[in-house]
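First the structure, in the form of structure tokens, and then the observations on it.
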Amino acid sequence: MFSKISIGKLRGMQQCSNPNGSISILALDHRNNLRKALNPEDPEQVPDEAITNFKKILIRALSPSYQSVLLDPEFGSAQCIASGALQGSKGLVIALEATGYTGNPMARESKILPQWSVEKAKRMGASAVKLLVYYHPESNNAMKIEDLVGLVGEECVQYDIPFFLEPLSYSIDPAQPKLSSDKRQNIVVETARRLTGIPGVDVLKAEFPLDVNQVPDENTWEAACVELTSASRVPWVLLSGAVNFPTFLRQTEVACINGASGIAVGRAVWQEGPNLSGDPLLEFLTKTAVTRFDQLTSVCEKYARAWKDYFVFPEPNSEWYKSY
């Protein structure tokens, strides 16, 4: 299935991807999770400046490796632009959602960060936007989440900017708060089938479609990724989900061989960083973290399905701008 891609979305996707059409995004839109990582015993004592400074240091240190970065509007995006930590040649994906969720834990509600919008992200020069939603196809608020995705999709069409959608699965059974691997696979695949059909969604940022701790057999991993690829109507990229680097590296290879278009990776690359400072932090980032990211990008460039394969590109004539 091929969809037409508009000129603005095409430009944004080009900025976010590697030249061969694979995607390897450095994810650093963490807020409360990063606060906890910087001070596990008393996260509330971490000042905003410490979160911002960590992001600036990381963005600068890994700049030789990434083509695009995912940042938040509160502590990362504007600050990294203004300080020069984020180079103008790099793609920028900006998160839309408020961190965390509200409502019943069995019917989780997501919302846009107050006083933030697709329009503002576009105005500040973002290449794309990302929305995280908590979603279960059988939750009693599933339609409400679908409506939110649809609203953001409409705005992304209006402002001609790519839309990365990140649905996270969860249990709606109080007696079983942790999903079994089979249930997780069913939810991730069905979520892809439902949400990627909503107009305006351009890329699915997906969880690995099963629990690798419960299912170590890689043949089963491959089959699950094939099923996810078949369900998604748009290119999908794998999120790291706080697994360790060796696990994520193997997940990336399996996912890309079986249809993924790349990755959006955060803590699997830099998770030791919040425990360090000064020279030890810089040494870790410029050696270990850079090496990890380069390894992942190499896998994506070798095996990933190009995001371009999902779209029909525009062929503008000399009067295209008149109806734009």
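Taking the stated definitions as given, is Ser65 within 30 Å of Ser139 (Cβ to Cβ), surrounded by 17 or more Cβ atoms within 10 Å (Cβ to Cβ) and polar (S, T, N, Q)?
On the way: within 30 Å of Ser139 (Cβ to Cβ): no; surrounded by 17 or more Cβ atoms within 10 Å (Cβ to Cβ): yes; polar (S, T, N, Q): yes.
It is false that Ser65 is within 30 Å of Ser139 (Cβ to Cβ), surrounded by 17 or more Cβ atoms within 10 Å (Cβ to Cβ) and polar (S, T, N, Q).
Among the residues in segment 58-67, are any aromatic (Phe, Trp, Tyr) and part of a helix (DSSP H, G or I)? First the steps, then the outcome.
Kept after step one, since they are aromatic (Phe, Trp, Tyr), are these residues of segment 58-67: 66.
Imposing the further condition that a residue be part of a helix (DSSP H, G or I) reduces the set to none.
Checked segment 58-67: no residue is aromatic (Phe, Trp, Tyr) and part of a helix (DSSP H, G or I).
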Candidate set: segment 78-113, residues that are assigned to a loop (DSSP other than H, G, I, E, B), at pLDDT 95 or above and in contact with a helix residue (DSSP H, G or I) (Cβ under 6 Å, 6 or more places away or on another chain); chosen: the one nearest to Ser24 (Cα to Cα): Leu86
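For segment 229-257, which residues satisfy the criterion of being part of a loop (DSSP other than H, G, I, E, B) and either farther than 23 Å from Thr288 by Cα or more than 14 Å from the chain's Cα centre (by Cα) (or both)? Lay out the reasoning, then the answer.
Restricting attention to segment 229-257, the residues satisfying the condition of being part of a loop (DSSP other than H, G, I, E, B) are 232-235, 240-244.
Ser232, Arg233, Val234, Pro235, Val243, Asn244 - these are the residues of segment 229-257 that are part of a loop (DSSP other than H, G, I, E, B) and either farther than 23 Å from Thr288 by Cα or more than 14 Å from the chain's Cα centre (by Cα) (or both).
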Residue in segment 182-196 that is within 19 Å of the chain's Cα centre (by Cα), closer than 26 Å to Val226 by Cβ and assigned to a loop (DSSP other than H, G, I, E, B) present: yes
Count of residues meeting criterion [without any contact (Cβ under 8 Å) to a residue 12 or more places away in the chain and closer than 19 Å to Pro162 by Cβ] in segment 85-119: 2
All positions within segment 33-57 that are of a type in the set (A, V, I, L, M, F, W, C) and not in a helix (DSSP H, G or I): Val46
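So that you can scan it fast, the table gives a plain yes or no per residue for (1) buried (at least 23 other Cβ atoms within 10 Å of the Cβ); (2) touching a residue at least 12 places away in the same chain (Cβ under 8 Å):
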position	(1), (2)
Asp202	yes, yes
Val212	no, yes
Ala223	no, no
Val226	no, yes
Pro235	yes, yes
Condition check for Arg233: in contact with a Gly (Cβ under 7 Å, 6 or more places away or on another chain), among the basic types (Lys, Arg), modelled with pLDDT of 95 or more and within 24 Å of Asp182 (Cα to Cα): yes
Complete set of residues in segment 258-281 that are surrounded by fewer than 16 Cβ atoms within 10 Å (Cβ to Cβ) and in a helix (DSSP H, G or I): Asn275, Gly278, Asp279, Pro280
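The values are calculated or read from the model by the stated rules, or taken from the named source; none is laboratory data. Note that the structure is a prediction, hence the values are computed from the model and not measured. Virtual Cβ from ideal backbone geometry, glycine too; neighbours counted across all protein chains shown.
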